[in-house]
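Below: one structure, written as structure tokens.
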Amino acid sequence: MRLGVMCSGNGTNFENIVTHPNCNKDEVVLMIYNKKKCGAVKRAAKWGIPHCYVSHKDEDRMIELFKAWNVDLIILAGYMRVIKNPDEFPVPIINVHPSLLPKYKGLHAVEQAMESGEGVTGCTVHYVNEELDGGEIIKQAEVPIFEDD
């Protein structure tokens, strides 16, 4: 499978994808980032993965690149923007979100869970659709919240 990944931040999720035993760095064929100071760039370079900057406003360019690299699946790994037209992309897009959706959509999900007094939070992998963090859930896992967190 040929994976395309989109990042905005430090790139820890990106590197976890690249180094996961069920994946390998050769499957990740392209990483697109939308912030000039994106930490995932250093991680992509470290693993020899092609990467490029594309403004979050230029979805047509993203689509063009993913088509050119023949990706089979796009993963949002810390990509901090909403995809406006996910149906226009050539392949399915999945997102890694740090909450047990449908709770705590959008930004600061972990903080929201902690402030609410929840005993657990978690992570959700879901398909991306037009609704913010509203696509079909693929998998979820709980993570306990401890008093000293």
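A few comments on the model shown:
- With contacts taken as Cα pairs under 8 Å at a separation of at least 6 residues, the chain carries a relative contact order of 20 percent.
- Note on the chain: percent of Cα-Cα distances in each 5 Å bin, starting at 0 and stopping at the bin with the largest distance, equals 2, 10, 19, 21, 20, 15, 8, 4, 1, 0.
- Taking every protein chain into account, the accessible area of the chain amounts to 57 square angstrom per residue (probe 1.4 Å).
- Cross-link pairs exceeding 21 Å in C-alpha to C-alpha distance, out of Lys36/Lys139; Lys67/Lys139; Lys105/Lys139; Lys46/Lys84; Lys84/Lys139, comprise Lys36/Lys139; Lys67/Lys139; Lys46/Lys84; Lys84/Lys139.
- Against the rule of thumb 2.2 N^0.38 Å, how large the Cα Rg of segment 1-71 comes out: 1.02
- Of the accessible area of segment 96-149, computed with a 1.4 Å probe over protein heavy atoms only, carbon and sulfur atoms account for 56 percent.
- The peptide list 55-62, 93-100, put in order of mean Cβ contacts within 10 Å with the highest first, becomes 93-100, 55-62.
The values are calculated or read from the model by the stated rules, or taken from the named source; none is laboratory data. Nothing here was measured: the structure is a model prediction, and the numbers come from that model. Neighbour counts run over all protein chains shown; Cβ positions are idealised from the backbone, glycine included. We work out accessible area using only protein heavy atoms, side chains counted, and drop any ligands, DNA or RNA first. Shrake-Rupley method; radii C 1.70, N 1.55, O 1.52, S 1.80 Å.
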